[in-house]
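We did not get these values from a lab; they are worked out from the coordinates using the rules stated. Bear in mind that the values here come from a model prediction, so they are computed numbers and not experimental data. A quick note on method: Cβ atoms are made from the backbone with ideal geometry, for glycine too, and the neighbour counts reach across all protein chains shown.
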Amino acid sequence: MLGRLEGDGCCHVLRVRRLDGHRSPLPPVRAQTMRAPGDWPHRYARWLEDADESPLHDGRWLLGERSRFQPGVWTEDFVTGWPDGRLDLFCGGGWHGVLPLRRLLSPDASRVKAYRKHAREGTLAPVLLWWVSFLDGWLLLDGHDRAVAALEEGGVPPCVVLTRVQDDEQWRRGAAEMTEWYRREPAEPAVHPASPGAERMRAARDEGYASVLASLPYEEAPTEVWPLAGTPADRDDPPVDGVSISG
């Protein structure tokens, strides 16, 4: 995938061109597999670990199911054109869309029609999305035809999302800093200790601290990038900036 950033100020347009040759890191999902009950995130995790070409690299990763998205993610911000696409990077709001990595089939294609039946029956295997921080959106790694089928049936595709999360050293350092702050903060609320709301305020403080602490191991980490193969990393002012994000 090649990209070029355009525009002045804080709001930019990222114009991307995807190249042919994407291969899913997952094996084909057969009809009998979709109809059999199973834990899709664990199944996809095993397949990603066994794949010859996979986005996984050293670090901590999180796979989880997702069924709800912000408005527009699967409509106006679902890039249907090929190979070029335009991603509007709005100030403070990012993009929050889905970028397919291969050409989408027509809704009338036989494979899409077969998947539409699964979508109506509730047996459609989830698509695999990869959260990419510098895009502020998702790459569609697997399930292009299933995504088209689900959208044609008027729904959002079931999804498993792959996210790079903070390394152990990073989140543990954050936890230590937060714990130190918690110890230094006054334990008593800024009201009379005997007032009816004092106990509730202390409980809310403790609950908030515990909730944030528990979320630290799952905070998103920036997506790693590498120079495009054959492109000197230190070349001055290249006409098009290209990165390989599959490692």
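Mean-square fluctuation check for the chain, GNM, Cα pairs under 10 Å: which of Pro227, Pro217, Pro83 is largest?
Highest fluctuation of the listed residues: Pro227.
Take the alpha-carbon positions of segment 15-68, form their convex hull, and give its projected area averaged over all directions (one quarter of the hull surface) in nm².
6.2
Non-local amide H neighbours of Leu162 (under 5 Å, H modeled in plane, Pro and chain starts lacking H): which ones?
Amide H neighbours of Leu162: Leu129, Trp130, Trp131.
Label points 7 Å out from Cα along the Cβ direction at Arg111 and Ser67: separation in nm?
2.7
Tell me the relative contact order for segment 26-110 as a rounded percent, counting alpha carbon contacts under 8 Å between residues six or more apart.
The value is 21 percent.
Enter the angle in degrees (range 0 to 90, nearest 10) between the Cα long axis of helix 40-50 and the first principal axis of the Cα atoms of the chain, meaning the one along which they spread out most.
70
What are the ³J(HN,Hα) values, in whole Hz, obtained from phi via the Karplus relation 6.51 cos²θ - 1.76 cosθ + 1.60 with θ = phi - 60°, for each residue of segment 201-209 in sequence order, with x given for Gly and Pro?
5, 5, 5, 5, 4, 5, 5, x, 4
Kindly provide the Kirkwood hydrodynamic radius of segment 62-102 in Å, to one decimal, from all pairs of distinct alpha carbon atoms.
11.6
Might you report the magnitude of the Cβ-based charge dipole of the chain about its Cα centre, with Lys and Arg at +1 and Asp and Glu at -1, to the nearest 20 debye?
I would put it at about 1060 debye.
Rounded to the nearest whole Å³, what is the per residue volume of the convex hull around the Cα atoms of the chain?
Per-residue hull volume (Cα only) is 196 Å³.
Can you list residues whose amide H is under 5 Å from His96's amide H, if they're 5+ apart or on another chain and H is modeled 1.01 Å from N?
Gly137
DSSP loop (so not H, G, I, E, B), at most 14 other Cβ within 10 Å: list which trypsin sites (Lys or Arg not before Pro) in segment 45-130 pass both filters.
Taking segment 45-130 and a limit of 14 other Cβ atoms within 10 Å, the loop trypsin sites (Lys or Arg not before Pro) found are Arg68, Arg103.
Quick one: go through segment 122-146 and flag any residue whose amide nitrogen is under 18 Å from the point 7 Å out along the Cα-to-Cβ line of Ala36.
123-126
Spin-label point model (7 Å from Cα, Cβ direction): what's the Tyr209 to Leu2 distance in nm?
Distance between label points: 5.5 nm.
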